[in-house]
Structure formats: structure tokens, C-alpha cells
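Trainee: This structure is in C-alpha cells; I'll ask about it shortly.
The values are calculated or read from the model by the stated rules, or taken from the named source; none is laboratory data. These figures come from a predicted structure and were not determined experimentally. When we count neighbours, we look across all protein chains shown, and the Cβ atoms used for this are built from the backbone with ideal geometry, even at glycine. Heavy atoms of the whole protein, side chains included, go into the accessibility calculation; ligands, DNA and RNA do not. Shrake-Rupley method; radii C 1.70, N 1.55, O 1.52, S 1.80 Å.
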Amino acid sequence: MTDSQDDAQPVSVLGLGMLGAALARAFLAGGHPTTVWNRSPDRTRPLAEAGATPVDSVPAAVAAAPLVVVCVSTYEAAQEVLAAAGDTLSGRVVLNLSSGTPELARQMSRWVAERGASYLDGAAMSGTAAVGRPEALFLFSGAPDALTTHLPTLSSLGRATDLGSDPGLASLYDTALFGMAWGLLAGFHHAAALVSTSGVKAADFAGVAGGHLPFLAGLVEVHGRQVDSGRYPADDGTVAVHAAAMEHLIATSKDLDLDTDLPTLVLGLLERAATAGHATDGFASVAEVLRQP
Ligand SMILES: NC(=O)c1ccc[n+]([C@@H]2O[C@H](COP(=O)([O-])OP(=O)(O)OC[C@H]3O[C@@H](n4cnc5c(N)ncnc54)[C@H](OP(=O)(O)O)[C@@H]3O)[C@@H](O)[C@H]2O)c1
């Protein structure tokens, strides 16, 4: 056993679906003694074979570790599970990685605090296969002391990111980042359809598109600063120039018999930005339009 394993804090995982099982395996790989519970007990067996300690009741799982991770289908189910813990919940840190809304997270935080425990909310942003690897993004928010104490343990899951004390923030980022990803992926599929009309394979296009993403990541940072300052210099083209490019994309898509909904949506945003007086500003001025629907 290594020094880090000697120091490893125990953790309990309640809920061993696809994500919960991956969490438990990552804690085990990080050297944390891991207790597992699941409503259908069969699901504890593979984890037990991997070194976890299976228990057959929620109170036994909660009593086994200072950090209790719950990962079930909904917040309602999570609360149902935690309610079964009774008095064992007091003094524990509860981390809920089930998906929900910011308001549900804030309600859950109050409910957990009433039972003498600290609450952390979390969002797993990278599916299940990457869990335990450095590239797996995990977002956390809630009780600040609890997060400081358990961040070393939570780092076994991947890139653990502290968003601050508002328990609703992890869910809000979760939704926001998914929205961003869906926008990007929808754009990718439109683009791949476009080049496929000249016989280009989607995988070949993906190679070129992927190489373009670091540039876009840089733009995201520039735009973030522009939005916060309320100034939108047109260093990468004015709203009017971007609108003209969108019109070309729509015309080309029509010529090639492709769907035009996506570029039409973006053109609409740019036109509204122009109408609001931002025709000579940069693309980031669409932020003004999005905040005043
Ligand atoms: N899978 C992902 O890639 C991923 C990524 C990010 C977030 N999430 C979120 O993580 C949560 C779990 O996802 P998953 O993919 O692990 O789901 P899953 O594979 O469908 O597993 C669901 C888990 O919830 C348990 N459960 C459901 N209702 C319950 C109840 N009333 N009482 C006790 N246990 C209950 C199930 O227990 P039984 O085994 O007894 O049915 C099972 O352990 C969801 O909120 C999901 O949105 C998942």
C-alpha cells in the first residue's frame, strides 16, 4: 500500500447505475476504501469483486464514510434514498451527482442541512467511460468547507472544479455546458452534411474540424471578456459581415438541398443585434439580444 492509499479517505457510493458504478470504480482506483449500496443488490457484486465493500442498507452505507455520494435517476429518488439514512446522515457530507435543476439542488441543500449534514451538488460532464481520468470534468458547488476537505478525494474522479458556495451552480453550469455542446454538435453535423455533398467522409471532415476547435476555444475566452466589459470590438468581423457569411451558408445549403434551420437561427440573432445598433460591433454583441428575448 502506498502512502497516498494510507491517507485515503473512505467514501460511500449510493446508486450503482452506469454513472454510480463508474464513480465507485474511480474511488477504488484512487485508493479510497469504498462502500457501495444499490436498491437492486445485484449491482453491488461486480464492485465487490473490484474491492468495494457492499452493504445491504442505506444507514450502513452512510455510517461507513464521512463523504456520501448519491447517484440515482432523479433528485426525488436521491431524497428518498437519503431519507432512509435517518440519524446516520448527521455530520456527513452528502454529494449528489444525480441530474436536476438548480432549484432542486438548492431545495436539497436545505433538506440535507436540516438533517445536520453538509451538502455538495455535482455534475458529471464527461459521460462514464472517462470517469477516473484527468480529462473527465466534474463540477461541484455547495458547502465551501466540505468541498475543501473532500477535494483530494473527489479528484479521483477526474478534473474536479469548484464553482463556489451556491449549491444550484453545478446544475446551472451542467445545463449551460450541454446547451453549448449541443449548439457545437448541431453545427458540426450541418457542416459535415455540407461537405458530404462533395463526397467527403464525416470522419475526414472531423479531423479538420477538430483541429479548428482550439481556435474556437480561444474565441470563447475573448468573447467572455467582451461580454463582461459590455464592449464588442469587431476584431474578427462585424455583425454585418457575419450576417452576410450566414446568408452564403444558407444559400449554399439550399443549393445543395440541405436543411437551413440552423444557419437561419444564427442569422436571426445577427439581424436582431444589427437592429439593436450593433451592426458595426463584433459577433459577441449577440449576447445583448439573447439577454433581452
Ligand atoms: N450515465 C451518464 O453518462 C451520466 C452523466 C452525467 C449525469 N448522469 C446522471 O446520473 C444519474 C444516474 O445516471 P445513470 O446513468 O447511472 O442511471 P442508470 O444507469 O439508469 O441507474 C439509475 C440508478 O438509480 C437507481 N434508482 C432509481 N430510482 C431509485 C429509487 N427510487 N430509489 C433508489 N434507487 C433508485 C437505480 O437503482 P436500481 O439499480 O435498483 O434500478 C440505479 O442505481 C442520472 O441523474 C443521470 O442524469 C449520468
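Trainee: Using only Cα atoms and rounding to the nearest 10 degrees, what angle (0 to 90) does helix 18-29 make with the longest principal axis of the chain?
Mentor: 60
Trainee: Contact order normalised by length for the chain, with contacts defined as Cα pairs under 8 Å and 6 or more residues apart; what percent is it?
Mentor: 12
Trainee: Let me ask another. So how much slack lies between His248 and Ser90, counting 0.36 nm per residue of separation and subtracting their Cα-Cα distance, in nm?
Mentor: 50.7 nm
Trainee: Continuing with the same structure: Measure nothing but the geometry: give the 0 to 90° angle between the long axis through the Cα atoms of 169-196 and the longest principal axis through the Cα atoms of the chain, rounded to 10°.
Mentor: Helix 169-196 sits roughly 40 degrees off the main axis of the chain.
Trainee: Just from its helices, what would the mean residue ellipticity at 222 nm be for the chain, if runs of 4 or more DSSP H residues each count -39500 (n - 2.57) and the sum is divided by every residue, rounded to the nearest 500 deg cm²/dmol?
Mentor: -16500 deg cm²/dmol
Trainee: Have a look at region 17-156 and give its Rg and Dmax from the Cα atoms, expressed in angstrom.
Mentor: In order Rg, Dmax, the Cα atoms of region 17-156 give 13.8, 38 Å.
Trainee: Hey, another quick one. State to the nearest 20 debye the size of the charge dipole of the chain about its Cα centre, where the only charges are +1 on K and R beta carbons and -1 on D and E beta carbons.
Mentor: 400
Trainee: In nm, to one decimal, how far is the modelled label at Glu103 from the one at Asp145, with both set 7 Å along Cα→Cβ?
Mentor: Distance between label points: 3.1 nm.
Trainee: Taking the Cα centre of the chain as the origin and placing charges on Cβ (Lys, Arg +1; Asp, Glu -1), which of Ala240, Val11, Met108 is farthest toward the positive end of the dipole?
Mentor: Val11
Trainee: Right, another one. Using 0.36 nm per residue of separation minus the Cα-Cα distance, give me the extension gain between Asp204 and Leu216 in nm, one decimal.
Mentor: Going from the current span to full extension adds 2.4 nm.
Trainee: Could you report the accessible area of Leu184 in Å², rounded to 10, computed with a 1.4 Å probe on the protein chains as they sit in the structure?
Mentor: Answer for Leu184: close to 90 Å² accessible.
Trainee: Give the Rg (one decimal place) followed by the Dmax (whole number) of region 131-188, computed from C-alpha coordinates and expressed in Å.
Mentor: Rg, Dmax (Cα atoms, Å): 13.1, 41.
Trainee: Would you please state the base-10 log of I(q)/I(0) at q = 0.16 1/Å for region 179-260, with intensities from the Debye formula using one equal scatterer on every alpha carbon?
Mentor: Taking Cα atoms of region 179-260 as identical point scatterers yields -0.80.
Trainee: Hey, another quick one. Could you tell me the accessible area of Ser73 in Å² (1.4 Å probe, neighbours in place), rounded to the nearest ten?
Mentor: 100
Trainee: Would you calculate the convex hull of the Cα atoms in the chain and tell me its volume per residue in Å³?
Mentor: Output value, Cα hull per residue: 171 Å³.
Trainee: Turning to a different aspect of this structure: Of the DSSP beta bridges with both residues in the chain, give the percent that are antiparallel, rounding to the nearest 5.
Mentor: 20
Trainee: Between Pro152, Ser126, Leu169, whose Cα lies farthest towards the positive end of the dipole of region 109-185 when Lys and Arg beta carbons carry +1 and Asp and Glu beta carbons carry -1, centred on the Cα centre?
Mentor: Ser126
Trainee: Give me the number: length gained by fully extending Asp255 to Asp236, i.e. 0.36 nm times residue separation minus the C-alpha to C-alpha distance, one decimal in nm.
Mentor: 4.1 nm
Trainee: Once R0 is set to 30 Å, what does the formula 1/(1 + (r/R0)^6) return for the Cβ-Cβ distance between Arg291 and Glu135, expressed as a FRET efficiency to the nearest 0.05?
Mentor: 0.40
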